[in-house]
Amino acid sequence: MEGIRSSLCPECGAMNRAAVTRCWLCSGNLEASSARSEEVILAEIVPEQIRRSAASFALSTLLLLVTILCVAFGLADFAPGLSGLLLLIVLPAFLITVIRTRRHEARGEQVSTGRKVESFVISAALIVATFFGLAALAFLAFFVYCLVALSRGGF
Ligand SMILES: [Zn+2]
């Protein structure tokens, strides 16, 4: 393997030892070519790592999703309310977190587990707040309806 122990001068093509930075024949810069080969190696390795992390992320996401569904269906037998709560709050929050994480990773940003948990908790809180908001609105609507009905002479 010549390529490891020696390098060809990019200027004149002369063979040089890998340790030297200038060509013995034309004193051209040899570092430029070695830097380029390092970039090529990095370009070959990095997408591989991203692909691997994406695949493992997809797998762990799928496993978590299956776990949530199993717990929800398992609870449905003796705690239907809790099971419904899990499906209505945990599942959407989980999916929102997955989609957010995907978007960040598509942009090349690293998403830590802490950020994922944070996103999940915020999503779950927003869903709960939405439910409470809707319940409050429904109660308010009912209250107003009763007032209007009363003012018109009762039921
Ligand atoms: Zn040279």
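Between residue 78 and residue 141, the simple label model (points 7 Å from Cα in the Cβ direction) yields a spacing of 3.8 nm.
With the convex hull constructed from alpha-carbon coordinates only, region 79-155 shows a mean projected area of 7.7 nm² over all directions.
Each peptide in 125-138, 75-88 receives the mean, over its residues, of other Cβ atoms within 10 Å, and ordering these scores from highest gives 75-88, 125-138. Here the simple spin-label model places points 7 Å from the Cα toward Cβ, and for residue 59 and residue 17 these points are separated by 4.6 nm.
Multiplying the residue separation of residue 68 and residue 121 by 0.36 nm and removing their Cα-Cα distance gives an extension gain of 17.5 nm.
Using the Karplus relation 6.51 cos²θ - 1.76 cosθ + 1.60 with θ = phi - 60°, the per-residue 3J(HN,Hα) values for region 100-109 come to 4, 4, 4, 4, 5, 6, 5, 7, x, 8 Hz, with x marking Gly and Pro.
Since every read-out is calculated from the coordinates, none of them should be taken as a lab result. Note that the structure is a prediction, hence the values are computed from the model and not measured. When we count neighbours, we look across all protein chains shown, and the Cβ atoms used for this are built from the backbone with ideal geometry, even at glycine.
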